[in-house]
Amino acid sequence: MQKLGLMLALLTLGVSVHAPSAFAQTTGASGETPGRQGKLTKLPKLVEFVEAEFPESEKAAGKGASVVLQIAITDKGNVEDVAVITSAGPAFDKAAEEAVMKFKFDPAEVDGKPAPVKITYRYDFTFKEEPKQPVVNYDGVVMNRFTKKPIEGAKITIEGVGEAVTDADGHFEFKEVPLGPIKVAIDAPGLTTVSTDETLVALQKLTVKYSLEPKEEGDEESDLEVVVVAPRIKKEITTTEIKAEEGRRIPGTGGDTLKVVQNLPGVARASFGSGQLVVWGAAPNDTRIYVDNVRIPLLYHGGGLRSTVNSDLVRAINLTPGGYGSEYGRGLGGLVTIDTRTLRNDRFHGYVAADAIDASAMVEAPVAEHTRVALAARKSYLDKTINAFTDKDVNDFVPIPDYYDAQFKIQQDLRQNESVDVIGIVSRDNLTRTVSNPDPAQVKSQDTLTGFNRFGITYKRQFEDGTNLTFTPWGGTDHSRVLSSFGGTPTVLDVKSQEFGLRAQWRGRLAEKVAVIVGLDAEGSHSSISRRGAVTLPPREGDINVFGQQPGDQVNADDWSTTIGSIAPYAQIDANLLDGKLHVIPGFRVEPFVVSGSRQTPAVGETPAIGFANETTVPQPRLNVIYQMLPRLGFKAAVGMYAQAPVGDDLSAVFGNPQLGVSHATHALAGVNFKLRDDVTLEETLFYSHSTDLVVRSDSPTPHLAQALVQEGEGRAYGVQLLLRKELSARFFGWISYTLMRSERLDHPGGSYRLFDYDQTHVGAIVGSYDLGAGFELGARFRYSTGYPRTPVVGSFYSSRRDLYEPIFGEHNSIRIPAFAQVDARLAKRFNFGWGKAELFVDVQNVSNRKNPEEIVYNYTYEKRGYISGLPILPVLGGRFEW
């Protein structure tokens, strides 16, 4: 009697596709990028089995044998070639080869498309008498795909039969499994769940070997989970995906993965103390940020020293400067999406870390068989420790942030490929910018408070045909307060908002080569706003002033409320043409904006308030095209229309204009990416954006009632960005990024374009990190950027009425703050212990102790000019312990 054991071991996948690079700009729904190795989205499935004849010449020996073969399977599911890896002798080898050449497979898919692969397959020939007792007819082992070590405690479930658990050798077995097709699921702590179909044949034993892929690759870095979603759909073609395992090792980031965004092309360097994200010449509040489909107002704490989301919860972060698909809107600028990782379910995990800037900690554990929880928190104390690392009283000259944040995540598995995730985020910042003076009456300061919290629930379901569904309702609150004391009456703007949203999306296929997403994206905000003081504070983009300048003597006050919302249906199609070389991705989004408020005219005596409500529907067509002309050469292009509602701060009947409407923008880009080597990629992107209906101050000295702001502004930004990247290898990774850009504004019709307040002509970064061995790692980063434009003071005069000197300004934004240049270095030593691992590091920021100007200031007569500078040399000593 013959028994056959087979193994689909996928130990040596040879995927032949032209898919993008993990750091390059791309269009993948999960951050796939042109030029990188494709992601396996479907295993090959044996659909037509041919039994091999047991060699007659071997029957006399009364024993069987095993032949290990490598099988090349085409994208049509045919066996193209068979090669013997481990021989059992000529007779067995020939019989196995002849049978396998007749096999038929349902082909594998890479990035949602049929693709050729190579698999390792073992043919077991067993010669045995028919057993008289129940016997094991299905067994095997489960191993880690990368380490090749057996996995103990993995659960193998056969639908309708039962389950077994692997022993210390990774072995499992089932007795008398019913013949015919069976559905098998393999699940192990910290490893990717695998589902597969097998077939049991009469008088044959099925012996298998399953190799599972870790959810978090690498022993040293375990932040990145590779999520395979089928079918894939290509979208944002300028997306840059950041791998957490690389991000946390970059000098100057202090181990904060999300700070890597500051070193990417297309991103201007934000001034110290702002924490702003300025992308492709758009204003900071024009870029949208989402964490697991939940919008948050800030990516960084004040000062930009830390992100508002703990890096150890992050799987990946994607930056799209412009030209993104129809899934997202409400912003004239860029898009940042952050995906949190899958929580581990094997045991209790956590870490504690501290350095000169702040301290943080996280714990993570399963609380039930299908429930996992993680909690994280962070608190800064740089304002108390900085003088221990510098020889100056830096607190008097540099804005030092004071912040904290906390996050929690709960994951509940409902059934196979179905789950519910709950996420919560809390963040709060206080930042003070001060210009000191021996005369207390001349001290100028600006205090900024920013806080928010979010709570979101995401339901995910992936169906057997590869389609998937997500549904995310969320809500929270925002609070910001700016208090400016520049002499005269202090000015305060206080905004409290309730934020809420809902995102529902279905992803599937219309045909074999046509993938589609359809969804509904809803967001709303209700704000209560109070403002007191000078009508020109806080200053707006484009205002001609200097920091600390005493405002005019026009003061006022107002209290109002606003409600702003929209519900946007959207759809996007990915047409796969020319055998996958060409992707044409049209998308469409229709967004009706509703803007309402409590008062359309200023309060006068006891006059009752008369509210207002406006509705504007904005169609937003978008198109992305990707052409992979050669395996190492690809092209991309995109064009799209975008829209953004006014902010509640600007809808005051006293300080703004209740009738403000929607602003519009058009993005266009074209680019090329070239893979110099398998691990070296060069990308270049040309971009252009044009914005209309921007909100600006009225140019009339006596504006009409409730029209202090008008919607007459235009903006344009254009340039080129480059990225030369060496991907992570055993020893070294790094990149060079550079952006040459021009960003301008036209405040009123008939005027001339001027430089945007956030324009930076040159922005560049060189980043590298090298593993020295023995747990040591050395890295360095160099950054350079042109200073922001400012309007010069060319003279002054004494105002006897106000008893102060008033500045006389030159041409608008005709000078710049001096250029920024800084070198950072990082040396780390990692330790591995039985209970976990540890890292000690020194991250020296501003190694050369360069005095980088951040803002221009003047003395009270405006005769002498000086600067508010950034941090001096700051050696950040720290340690991290995790288990």
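The values are calculated or read from the model by the stated rules, or taken from the named source; none is laboratory data. On a predicted model such as this, the values are computed, not experimentally measured, just so you know. Cβ placement follows ideal geometry from the backbone for every residue including glycine, while neighbour counts extend to all protein chains displayed. Only protein heavy atoms, including side chains, enter the accessible area calculation; ligands, DNA and RNA are left aside. Shrake-Rupley method; radii C 1.70, N 1.55, O 1.52, S 1.80 Å.
Its alpha carbons considered, the stretch 624-666 gives a radius of gyration followed by a Dmax of 19.8, 60 Å. Annotation: F674 carries an accessible surface of approximately 80 Å², with a 1.4 Å probe and no ligand, DNA or RNA atoms counted. Spin-label model, L510/E369: points 7 Å from Cα along the beta carbon direction are separated by 4.3 nm.
A full extension of the chain between Y381 and Y688 corresponds to an added length of 106.4 nm, given 0.36 nm per residue minus the alpha carbon distance. T616 sits with roughly 60 Å² accessible to a 1.4 Å probe, with DNA, RNA and ligands left out of the calculation.
For the pair R731 and A575, a Förster radius of 45 Å applied to the C-beta separation gives a FRET efficiency near 0.60, rounded to the nearest 0.05. Summing Lys and Arg as +1 and Asp and Glu as -1 over all other residues whose Cβ lies under 13 Å from the Cβ of Y718 gives a net charge of 0. Pairs spanning more than 27 Å between alpha-carbon atoms, out of K118/K513; K384/K409; K39/K379; K155/K460; K209/K675: K384/K409; K39/K379; K209/K675.
Counting 0.36 nm for each residue step from K496 to I808 and taking away their Cα separation leaves a gain of 108.6 nm. Take R589: with every protein chain present and a 1.4 Å probe, its accessible area is about 0 Å². Once the chain from A522 to A91 is taken as fully extended at 0.36 nm per residue, the excess over their C-alpha distance is 148.5 nm.
For the stretch 804-877, carbon and sulfur atoms together expose 58% of the accessible surface, with a 1.4 angstrom probe and every protein chain in place. Here the stretch 732-883 yields Rg over Rh of 1.17, to two decimals, using C-alpha coordinates and the Kirkwood radius.
When the Cα positions of N614, I573, P538 are compared along the charge dipole of the stretch 522-623, I573 comes out farthest toward the positive end, with charges on each C-beta of Lys, Arg, Asp and Glu.
A convex hull fitted to the Cα coordinates of the stretch 624-739 yields 137 cubic angstrom per residue. Between T617 and K59, the distance separating the two model label sites (each 7 Å from Cα on the Cα→Cβ line) works out to 7.8 nm. Across the stretch 708-713, computed HN-Hα scalar couplings (Karplus, 6.51 cos²θ - 1.76 cosθ + 1.60, θ = phi - 60°) run 5, 10, 10, 10, 10, x Hz from first to last residue, x flagging Gly and Pro. Distance between the modelled labels on H479 and L676, one decimal in nanometres: 5.1 nm (7 Å Cα→Cβ projection). For the stretch 606-687, the solvent-accessible area of protein heavy atoms averages 42 Å² per residue (probe radius 1.4 Å; ligands and nucleic acids excluded). Taking the stretch 716-794, how much of its Cα-Cα pair set, in percent, is spaced more than 18 angstrom apart? When all Cα pairs of the stretch 716-794 are counted, 58 percent exceed 18 Å.
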